[in-house]
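The values are calculated or read from the model by the stated rules, or taken from the named source; none is laboratory data. Quick caveat, the model's predicted, so the values are computed rather than measured. When we count neighbours, we look across all protein chains shown, and the Cβ atoms used for this are built from the backbone with ideal geometry, even at glycine.
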Amino acid sequence: MTTSTPLNPALTEWNGPDGLPRFEAVNDTDFGPAFDVALADHEAEIEAIANNPDAPTFENTVVALEIAGDSLSRVSALFWNKAGAHTNDTIQSLEREIAPKMSRHYSKIGMNTALFARIDTLWENRQTLGLDLEATRVLERHWKGFVKSGAKLPKAEQERLAAINETLASLGAKFGQNVLADEKSWALILTGGDELAGLPEFLKDAMASAARDRGEEGKYAVTLSRSIIEPFLTFSERRDLREQAFRAWTARGANSGETDNRETIRETLALRAEKAKLLGYEHYAALKLDNTMAKTADAVNGLLTQVWEKAVVRAREEEADLAKLIAAEGKNHEVMPWDWRHYAEKLRSERFNFSESELKPYLQLEKIIDACFDVAQRLFGITATEKKGVAGYHPDVRVFDIRDADGKLVALFLGDYFARASKRSGAWMSAFQSQHKLLLKNGVKGEIPIIYNVCNFAKPAAGKPALLSLDDARTLFHEFGHALHGMLSNVNYPSVSGTSVSRDFVELPSQLYEHWLTVPAILKKYAVHEQTGEPMPQALLDKVLSARTFNSGFNTVEFTSSALVDMAFHTRDAVADPMAVQAEVLDKIGMPASIVMRHATPHFQHVFSGDGYSAGYYSYMWSEVLDADAFAAFEETGDAFDSAMAKRLKDNIYSIGGAIDPEDAYKAFRGKLPSPDAMLAKKGLAA
């Protein structure tokens, strides 16, 4: 039975150009009623599948589940995009309401006895069903999903698990909103003069723009957007201002009052531990690592420890070099965290005879976007064409057609590149619609992917190009690598489409794609000066390439410490004081006082703003082992765009989604599984 509550058709009937949502036709107040309708419709579909009088078949049960809930998927895609990339008070209020409501909904499905009985019957008889490998993987995914949702638990424990999941959903929404509130509310307003000492023009322009956005015309704002705070810490000669900004940046989520996340973290960890025990796992990490490449916490910690031991030695050497620079300036202070980026930049300038400010005019956002598209065309034969005048979900959003070598439309891509107060920090890829080939209830067979990238680059002053740091440019390539994973998907079933792979495999396509940014042929073509249009001089290009492992101890210590703390949280039964555990882990591993975690616990959104990377932050490094080895395959051919290798990469990594086991996918591409050696060499940490 479906409800007759009015629903804005723009939420579910995507009839914009090429099937794009008509974002301009959706109002924030439409979402509440739409969720009520879509949830009720999905529940009715689930009941019809569960109570089907016919014997369970793959078609009438699994395929039916795959195409059920289309309206809910569409409303959710639009809403969660808005919640992350362009939020406001109305959306945040709805988020706090909808997150637990969605959890209740999916808990009810996961504990539907009749539905699980059908899935369980199919799973027990899977050898007799004549399923191909992809269909078998889809069946397995559904069966395991039900088991992890508590389908095999007694009724009372099911109810407790549902309550836990609902509370965790609310806590995750609260955590992310608190971090955003701290980022949005803080700014260091500067008036000029000595306060701007050392700052290059591109940064002053970005800070002036940020100040204007805050009603401070003619002034300069240091904000907690990474695209401003990091270059400020790098270039500012005012150590007192660097310290002030750094302390605000690292205190996000730990400022006491309503936005303090520390109690939220404690509650989250306690509930995650209880959930794992209910489901029969030793700890939450064991639950999350089930069905990943790593498989066990010991395997994860083994890799992290191996890398940590090499990284911390290198970081101590780097710290000693920075201390010499400080002494050479006639100063006697130790290297503190707000000093590191500043003196590392001076050391890089001295050692390699170039600075970030010298490099930045050659890294125009528009050109690096073009470079992303060019690499995709060379490797995979696809082309991108901007759809001018087509509305996205914000005026800054740009829309592109993605077509194959025959001119066939294979995907839509949206790019949202600039920081704003309504957007959470960081960078990510997501999908409004995933690729599949199933026949839908409306008679349409299959759907093309609609993928978007969100970044937080500093918006330039009117008439000036947006300039990126080398890290920014890598981020752009990274997220477009994720986008390609979604856009090149070529599977039958939506549940294994695109990035629907294990957490420690999903970063392979993105991290691998970063390598092509620094392929000389790409840098020579797209790294051109913003004013003269001249390509980056060969001498500067050589310096950039030779400096790739500079500061690698610092970067690796930042990351690995965060991953080790994440694993410590999720391998314990109880964490009474998360900050004490963080301190304990950092003390045990010998964290240098001059470096902090890349993501301190109170603003560790990967781990606590939802469940995405909980007990999974390590996966960036696990995938880095894979990506270093994968790019080495191209290097061994002598051609970064070797066509045979690119075809194997597309067929076995970018297009296959979760249709086969990730280990099998990687071996089909490379012929073997990798060791950490190539990754350590890439970082300059090999013995």
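Going residue by residue through the range 526-539, is there one that turns out to be assigned by TED's automatic domain parsing to the domain that holds residue 450, closer than 24 Å to residue 460 by Cα and of a type in the set (S, T, N, Q)?
Checked the range 526-539: at least one residue is assigned by TED's automatic domain parsing to the domain that holds residue 450, closer than 24 Å to residue 460 by Cα and of a type in the set (S, T, N, Q).
Go through (1) hydrophobic (A, V, I, L, M, F, W, C); (2) in a helix (DSSP H, G or I); (3) at pLDDT below 95; (4) over 30 Å from residue 237 (Cα atoms) and name the single condition residue 270 misses.
Checking residue 270 against (1) hydrophobic (A, V, I, L, M, F, W, C); (2) in a helix (DSSP H, G or I); (3) at pLDDT below 95; (4) over 30 Å from residue 237 (Cα atoms), the one that fails is (3).
Are there any pairs, at least 6 apart or on different chains, whose C-beta atoms fall under 9 Å, with the first in the range 656-685 and at positive phi and part of a loop (DSSP other than H, G, I, E, B) and the second surrounded by 15 or more Cβ atoms within 10 Å (Cβ to Cβ) and among the aromatic types (Phe, Trp, Tyr), and if so, which?
Correct list of pairs: 657/493; 684/550.
Quick one: residue 315 ticks every box in (1) in contact with a Pro (Cβ under 8 Å, 6 or more places away or on another chain); (2) more than 30 Å from residue 248 (Cβ to Cβ) bar one, so which box is it?
Status for residue 315: all satisfied but (2).
On the basis of being part of a loop (DSSP other than H, G, I, E, B), small (Gly, Ala, Ser) and outside the structural domain of residue 199 (by TED's automatic domain parsing), does residue 384 make the cut?
So residue 384 fails the test.
Consider residue 471 carefully, then state whether it is surrounded by fewer than 23 Cβ atoms within 10 Å (Cβ to Cβ), within 16 Å of the chain's Cα centre (by Cα) and under 30 Å from residue 224 (Cα atoms).
yes
When you go through (1) touching a strand residue (DSSP E or B) at 6+ places or on another chain (Cβ under 6 Å); (2) modelled with pLDDT of 95 or more one by one for residue 564, which number turns out not to apply?
So the condition that residue 564 fails would be (1).
So that you can scan it fast, the table gives a plain yes or no per residue for (1) outside any helix (DSSP H, G or I); (2) modelled with pLDDT of 95 or more:
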{"position": "314", "(1), (2)": "no, yes"}
{"position": "319", "(1), (2)": "no, yes"}
{"position": "331", "(1), (2)": "yes, yes"}
{"position": "340", "(1), (2)": "no, yes"}
{"position": "344", "(1), (2)": "no, yes"}
{"position": "359", "(1), (2)": "no, no"}
{"position": "369", "(1), (2)": "no, yes"}
{"position": "375", "(1), (2)": "no, yes"}
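Show the residue pairs that are 6+ apart or on different chains and have beta-carbon atoms under 7 Å apart, the first residue being within the range 498-516 and within 13 Å of residue 652 (Cα to Cα), the second being at pLDDT 95 or above and aromatic (Phe, Trp, Tyr).
Pairs that qualify, where the first residue is within 13 Å of residue 652 (Cα to Cα) and the partner is at pLDDT 95 or above and aromatic (Phe, Trp, Tyr), are 509/654.
Go through the range 608-637 residue by residue and tally those that are part of a helix (DSSP H, G or I), more than 17 Å from residue 304 (Cα to Cα) and not charged (D, E, K, R).
7
Starting from the range 10-35, take each residue that is over 23 Å from residue 441 (Cβ atoms) and list its partners that are among the hydrophobic types (A, V, I, L, M, F, W, C) and outside any helix (DSSP H, G or I), counting only C-beta distances under 7 angstrom and pairs at least six apart or across chains.
17/390; 23/391; 24/391
Can you find even one residue in the range 260-280 that is of a type in the set (Ser, Thr, Tyr) and more than 23 Å from the chain's Cα centre (by Cα)?
Looking only at the range 260-280, we keep the residues that are of a type in the set (Ser, Thr, Tyr), and these are 264, 268.
Restricting the remaining residues to those that are more than 23 Å from the chain's Cα centre (by Cα) gives none.
Within the range 260-280, not a single residue is of a type in the set (Ser, Thr, Tyr) and more than 23 Å from the chain's Cα centre (by Cα).
Can you pull out every residue in the range 489-506 that is at pLDDT 95 or above and not in a helix (DSSP H, G or I)?
489, 490, 491, 492, 493, 497, 498, 499, 500, 501
Residues that are over 24 Å from residue 435 (Cβ atoms), of a type outside the set (D, E, K, R) and out of contact with any helix residue (DSSP H, G or I) (no Cβ under 7 Å at 6 or more places or on another chain): does the range 98-115 have at least one?
For the range 98-115, residues over 24 Å from residue 435 (Cβ atoms), of a type outside the set (D, E, K, R) and out of contact with any helix residue (DSSP H, G or I) (no Cβ under 7 Å at 6 or more places or on another chain): present.
Which members of the range 576-590 meet the condition of being crowded, with 23+ Cβ neighbours inside 10 Å and over 22 Å from residue 274 (Cβ atoms)?
none
Quick one: which residue in 486, 481 is closer than 18 Å to residue 679 by Cβ, under 26 Å from the mean Cα position of the chain (by Cα) and at pLDDT 95 or above?
After applying the criteria, what remains is 481.
Could you tell me how many of the residues in the range 322-355 are of a type in the set (Asp, Glu) and either surrounded by fewer than 16 Cβ atoms within 10 Å (Cβ to Cβ) or without any contact (Cβ under 8 Å) to a residue 24 or more places away in the chain (or both)?
Looking only at that region, the number is 3.
Each row is one residue, and each column tells you yes or no for (1) touching a His at 6+ places or on another chain (Cβ under 6 Å); (2) assigned to a helix (DSSP H, G or I); (3) surrounded by fewer than 21 Cβ atoms within 10 Å (Cβ to Cβ).
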site	(1), (2), (3)
61	no, yes, no
72	yes, yes, no
75	no, yes, no
95	no, yes, no
108	no, yes, yes
118	no, yes, no
130	no, no, yes
136	no, yes, yes
143	no, yes, yes
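Yes or no, residue by residue, for (1) of a type in the set (A, V, I, L, M); (2) over 30 Å from residue 338 (Cβ atoms); (3) surrounded by 23 or more Cβ atoms within 10 Å (Cβ to Cβ):
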position: 600; (1), (2), (3): yes, no, no
position: 609; (1), (2), (3): no, no, yes
position: 618; (1), (2), (3): no, no, yes
position: 623; (1), (2), (3): no, yes, yes
position: 627; (1), (2), (3): no, yes, yes
position: 633; (1), (2), (3): yes, yes, no
position: 636; (1), (2), (3): no, yes, no
position: 639; (1), (2), (3): no, yes, no
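Return only the number of the condition from (1) among the basic types (Lys, Arg); (2) free of Cβ contacts under 8 Å to residues at least 40 places away in the same chain; (3) closer than 26 Å to residue 609 by Cα that residue 214 does not satisfy.
(3)
Taking into account only those residues within the range 193-248 that are modelled with pLDDT of 95 or more and among the hydroxyl-bearing types (Ser, Thr, Tyr), which is farthest from residue 455 (Cα to Cα)?
236
Just checking, how many residues over the range 576-596 are part of a helix (DSSP H, G or I) and aliphatic (A, V, I, L, M)?
7
Could you list, in sequence order, all residues of the range 646-655 that are in a helix (DSSP H, G or I) and of a type outside the set (Asp, Glu)?
Those that are in a helix (DSSP H, G or I) and of a type outside the set (Asp, Glu): 646, 647, 648, 649, 650, 652, 653, 654.
Looking at (1) in contact with an Asp or Glu (Cβ under 8 Å, 6 or more places away or on another chain); (2) surrounded by fewer than 23 Cβ atoms within 10 Å (Cβ to Cβ); (3) assigned to a loop (DSSP other than H, G, I, E, B), which one does residue 573 not meet, given that it meets all the others?
(1)
Can you work out which of the residues in the range 643-660 that are under 22 Å from the mean Cα position of the chain (by Cα) and of a type outside the set (S, T, N, Q) is surrounded by the most Cβ atoms within 10 Å (Cβ to Cβ)?
Applying the filter and picking the extreme gives 657.
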